[in-house]
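Colleague: Below are the structure tokens for one structure; questions will follow.
The values are calculated or read from the model by the stated rules, or taken from the named source; none is laboratory data. On a predicted model such as this, the values are computed, not experimentally measured, just so you know. FYI the Cβ positions are ideal-geometry reconstructions off the backbone, even for glycines, and counts take in every protein chain you see.
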Amino acid sequence: MGSMALLRQMYHDADWYAKGNAKRTDLALEALNANKNLVQIFHSGNKHNSIKTDAIGDEFGIQYVLVGDGTEYENIAAMKATNASFIIPINFPKAYDVSDPYSASVVELEAMKHWNQAPSNPKALLDNGIQFSFTMHSSKSGKEFKGNLMKAIKYGLDKTKALEALTTVPARILQQEDKVGSLQNGRQANFLITSGDIFDPKTVIYENWVQGNQNVFKDKSQKDLRGKYTFNVAGNDYDVTIVGSPEKLKATVMKDSLKLGSKIAFKNDWLQLQFTTPDTTKTEYIRLTAPVRNVKFFSGKAIIANGSETSFNATQKEVSKSKDKKGKGGKMEAPKMLPISYPNGAYGSATLPKQENVLFRNATVWTNEKDGILQNTDVLVKDGKIARIGKNLSAGNARIVDATGKHLTAGIIDEHSHIAAFTINEAGHNSTAEVNMEDVVNPEDVDIYRNLAGGVTTIQLLHGSANPIGGRSAILSLRWGRSADEMLFKDADGFIKFALGENVKQSNWGDTETTRFPQTRMGVEQVFTDYFQRAKEYEAKKKSGNYRYDIEMETILEILNKKRFVSCHSYVQSEINMLMKVADKFGFNINTFTHILEGYKVADKMKEHGVGGSTFSDWWAYKYEVNDAIPYNGAIMHNQGVLVAFNSDDGEMSRRLNQEAAKAVKYGGVSEEDAWKFVTLNPAKLLHIDDKVGSIKTGKQADLVLWTAHPMSIYAKAQTTMIEGTVYFDLERDAQLRRKIQNERNELMNMMLAEKNKGMKTQPAKKKDKVHHHCDTVEF
């Protein structure tokens with residue numbers, strides 16, 4: 001995310017520099033501006049980055065050529081929408097060695113499916129009208145590259161288009177098609193001379209010409225002897241099969257059903273062949289030599305076992321057939337390809353779920369509104385909204401769900417989450433307000449599905465707490481299977497992560513040496529004061545018109561102008577009090593203190609300031625600055641009139657927030673209805689989305705969960721979780737998906753075992769460790 005922020009700022013700086021605003025020479029920006037009309041090739045690295053990279057290009061009127069990674073087929077519609085040309089590797093993965101059941105169990109379904117599906121990537125690009133060329137980048141050798149290219153053709157890639165991806169298309173991408181890429185008058189003399197179709201495994205490359213310079217690899221006048229022959233020697237017929245490469249032939253000589261020992265040599269169109277006589281009691285040889293002018297028929301001299309000389313002739317019966325598998329005869333068959341799912345791994349669906357009209361009948365409905373908890377009540381969902389609430393409602397064309405004995409609630413909202421992200425902290429500076437968590441959303445994180453299974457429908461994806469001023473947050477609707485952009489909560493206000501305490505002054509970074517300011521709590525306060533003052537000065541320059549656009553300052557200015565809102569990681573009451581005073585000084589309010597484990601000490605001041613508290617239910621004493629935390633914190637703040645939510649800050653606990661809410665009843669006697677609001681309506685209010693979600697009210701989004709029992713019971717399961725009327729989790733469908741996962745794993749493992757049994761190279765089974773992000777996760 002830091003890289004993406006830097007790219008955006010670089011383009012803003014280049015534009016500012018080009019307008020003559022700089023007082024000093026900047027050679028880098030001069031070079032960037034001077035070369036902006038060249039082809040812009042961007043190594044995006046994966047399908048997610050390709051989408052984000054293209055979006056950055058669109059911001060600044062640049063159409064990148066994207067270097068991908070071969071997974072484009074998994075989200076081909078999004079790749080097409082970029083309108084980009086792609087440079088793609090064809091370094092298809094080898095099958096995993098799954099012969100050991102224990103080691104095989106650690107290989108993820110996603111990795112096994114990619115082995116099975118990756119060779120289809122070029123065809124998918126072609127079928128969707130996406131211009132692409134091939135690259136040997138990331139291939140270990142030219143031999144591997146050609147082998148994988150042949151495999152892509154087996155998976156349906158047209159040969160002509162494959163050749164274009166190696167010649168005319170890269171020339172076009174580089175805007176050099178008037179010089180190279182085709183055989184036309186006036187083009188550079190770059191060409192190959194081969195023995196036949198370039199994609200035929202039997203074909204030999206004789207010469208490679210570069211700008212008229214000849215490079216000879218094989219003598220093109222050399223005859224190709226490979227095939228099946230009848231050799232007649234002194235009236236006796238022998239069946240001779242010649243295989244191998246033209247420069248390294250092997251011969252098999254048969255007399256009737258007896259295989260004879262043989263040795264062959266062929267050079268300068270002269271054949272020498274010797275083989276043992278059929279008399280197995282003696283080791284005697286028949287030696288043949290002949291000039292070969294025509295491989296169909298030739299004749300020469302033979303020296304038979306007794307030393308006498310005679311003649312022989314050879315007649316070709318069959319030309320050698322191509323061998324598509326290294327060291328094997330026969331044709332290589334492309335394995336059965338499993339269908340792509342969304343996402344393309346475990347718990348993915350063959351088709352994306354669709355919005356539907358649903359009538360929940362006879363449920364216990366937790367409205368989170370003044371109506372409270374309604375017994376034996378119907379809720380009608382229509383066009384993604386809550387259409388009606390009442391008894392004995394007409395279903396119309398809606399699907400009816402019998403909710404008798406079950407509880408229907410608004411979807412759980414996690415105000416502080418770090419799931420569904422590729423990275424959490426941009427830790428290099430004391431302020432990283434220029435970075436944006438929207439740039440690093442990972443829509444394929446299985447924790448999204450697990451959260452849906454726990455009734456969670458919305459999260460705030462927060463930057464970590466490595467610096468006092470962190471990055472901008474992303475509010476996500478957990479639309480499993482959709483793209484990162486489709487998960488962004490529509491029309492949500494902007495938020496940003498601030499942090500206080502041990503993390504930002506790096507007191508708990510172990511032995512890592514750092515000199516980054518601040519190193520003390522008083523330094524943290526000064527960081528805030530300095531940056532807010534800089535933002536005010538930036539605003540003054542902006543109004544004068546003489547300013548350099550600064551993404552970081554623009555973000556902090558949004559805070560001062562109450563267009564972006566602060567969610568601050570906090571523990572100790574003195575620092576909580578300090579930040580409220582800094583905010584008061586600069587004329588804005590802190591929106592939320594998250595963690596806030598000493599909030600009970602300053603709850604009255606929080607109420608006066610107007611800040612909410614998003615806390616843990618019962619965490620305490622897990623590090624020094626949490627020593628004074630108590631499980632009654634949430635209840636005390638709530639009783640003081642502070643808007644309170646319970647959050648997870650943890651990919652594991654986030655799917656049990658329904659049970660976390662119950663702890664407010666245990667610790668402090670909060671009513672069940674209010675405790676339930678701690679994980680639904682209250683976080684919706686903290687995130688300014690309570691007009692859309694957080695309660696069951698006519699006109700709001702149908703973000704709903706049907707529970708099998710009281711929602712705060714340890715026995716309750718989310719039977720159905722829907723977002724805007726689309727079911728993204730269902731217990732019955734989950735059982736089907738689990739069976740599907742098992743069947744697909746078994747089928748793929750059998751395919752891989754077959755590969756190994758055929759002698760194909762495999763790679764060891766390996767586990768992909770999942771990173772569980774927390775506030776202090778820093779990846780260097």
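Colleague: Restrict the check to region 143-159 and report whether at least one residue is of a type outside the set (D, E, K, R), part of a helix (DSSP H, G or I) and without any contact (Cβ under 8 Å) to a residue 24 or more places away in the chain.
Modeller: Applying the first criterion (of a type outside the set (D, E, K, R)) to region 143-159 yields 145, 147-150, 152-153, 155-157.
Filter once more, keeping what is part of a helix (DSSP H, G or I): 145, 147-150, 152-153.
Of the ones still in play, those that are also without any contact (Cβ under 8 Å) to a residue 24 or more places away in the chain are none.
There is no residue in region 143-159 that is of a type outside the set (D, E, K, R), part of a helix (DSSP H, G or I) and without any contact (Cβ under 8 Å) to a residue 24 or more places away in the chain.
Colleague: Further question: Give me the pairs: first residue in region 224-248 and touching a residue at least 40 places away in the same chain (Cβ under 8 Å), second residue of a type in the set (Asp, Glu) and part of a strand (DSSP E or B), beta-carbon distance under 7 Å, and six or more apart or on different chains, which are they?
Modeller: Gly227/Glu318; Lys228/Glu318; Thr230/Asp237; Thr230/Asp239
Colleague: Let me ask another. Please go through region 170-204 and pick out each residue that is under 30 Å from Lys336 (Cα atoms), within 37 Å of the chain's Cα centre (by Cα) and in contact (Cβ under 8 Å) with a residue 40 or more places away in the chain.
Modeller: Phe199, Asp200, Pro201 - these are the residues of region 170-204 that are under 30 Å from Lys336 (Cα atoms), within 37 Å of the chain's Cα centre (by Cα) and in contact (Cβ under 8 Å) with a residue 40 or more places away in the chain.
Colleague: Please find, within region 641-658, the residue that is farthest from Ala421 (Cα to Cα) out of those that are free of Cβ contacts under 8 Å to residues at least 60 places away in the same chain and buried (at least 18 other Cβ atoms within 10 Å of the Cβ). Working first, answer last.
Modeller: Taking region 641-658 as the starting set, the residues that turn out to be free of Cβ contacts under 8 Å to residues at least 60 places away in the same chain are 641-644, 646, 653.
Narrowing the set further to residues that are buried (at least 18 other Cβ atoms within 10 Å of the Cβ) leaves 642-644, 646, 653.
Numbers: Val642: 30, Leu643: 27, Val644: 25, Phe646: 21, Met653: 17 Å.
Per the criteria, the residue is Val642.
This table checks each residue for (1) outside the structural domain of Ala118 (by TED's automatic domain parsing); (2) in contact with a Pro (Cβ under 8 Å, 6 or more places away or on another chain).
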position	(1), (2)
Asn33	yes, no
Gly45	no, no
Asn49	no, no
Asp58	no, no
Gly61	no, no
Gly68	no, yes
Thr71	no, no
Glu74	no, yes
Ala81	no, no
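Colleague: Across region 393-411, which residue is surrounded by the fewest Cβ atoms within 10 Å (Cβ to Cβ) among those that are more than 18 Å from Ile373 (Cβ to Cβ) and in contact (Cβ under 8 Å) with a residue 40 or more places away in the chain?
Modeller: Going through the qualifying residues, I end up with Asn397.
Colleague: Considering only residues that are outside any loop (DSSP other than H, G, I, E, B) and either loosely packed, with under 13 Cβ neighbours inside 10 Å or of a type outside the set (Lys, Arg) (or both), which ones fall in region 744-761?
Modeller: Glu744, Asn746, Glu747, Leu748, Met749, Asn750, Met751, Met752, Leu753, Ala754, Glu755, Asn757
Colleague: Looking only at region 701-737, count how many residues are within 31 Å of the chain's Cα centre (by Cα) and aromatic (Phe, Trp, Tyr).
Modeller: Residues that pass the stated criteria total 2.
Colleague: Take Thr698 and decide whether it is among the β-branched types (Val, Ile, Thr), more than 34 Å from the chain's Cα centre (by Cα) and not assigned by TED's automatic domain parsing to the domain that holds Asn633.
Modeller: Values: among the β-branched types (Val, Ile, Thr): yes; more than 34 Å from the chain's Cα centre (by Cα): yes; not assigned by TED's automatic domain parsing to the domain that holds Asn633: yes.
So Thr698 fits the description; yes.
Colleague: Can we say Thr458 is in contact with a Gly (Cβ under 8 Å, 6 or more places away or on another chain), under 23 Å from Thr680 (Cβ atoms), hydroxyl-bearing (Ser, Thr, Tyr) and outside the structural domain of Ala709 (by TED's automatic domain parsing)? Can you show your working first?
Modeller: Working: in contact with a Gly (Cβ under 8 Å, 6 or more places away or on another chain): yes; under 23 Å from Thr680 (Cβ atoms): yes; hydroxyl-bearing (Ser, Thr, Tyr): yes; outside the structural domain of Ala709 (by TED's automatic domain parsing): yes.
The answer is yes for Thr458.
Colleague: Hey, among the residues in region 192-213 that are over 23 Å from Ala152 (Cβ atoms) and out of contact with any Asp or Glu (no Cβ under 6 Å at 6 or more places or on another chain), which one's modelled with the lowest pLDDT?
Modeller: Of all residues in region 192-213, those over 23 Å from Ala152 (Cβ atoms) come to 193, 206-207, 209-213.
Keeping just the survivors that are out of contact with any Asp or Glu (no Cβ under 6 Å at 6 or more places or on another chain) gives 206-207, 209-213.
Working: Tyr206: 91, Glu207: 95, Trp209: 97, Val210: 97, Gln211: 96, Gly212: 95, Asn213: 97.
The selected residue is Tyr206.
Colleague: Moving to a separate point now. So Lys756 ticks every box in (1) without any contact (Cβ under 8 Å) to a residue 40 or more places away in the chain; (2) closer than 25 Å to Leu109 by Cβ but one. Which box is left unticked?
Modeller: (1)
Colleague: A follow-up question, please. Condition (residue is in a loop (DSSP other than H, G, I, E, B), assigned by TED's automatic domain parsing to the domain that holds Met150 and on the phi > 0 side of the Ramachandran plot) applied to region 177-184: is it met by at least one residue?
Modeller: Taking every residue of region 177-184 in turn, at least one turns out to be in a loop (DSSP other than H, G, I, E, B), assigned by TED's automatic domain parsing to the domain that holds Met150 and on the phi > 0 side of the Ramachandran plot.
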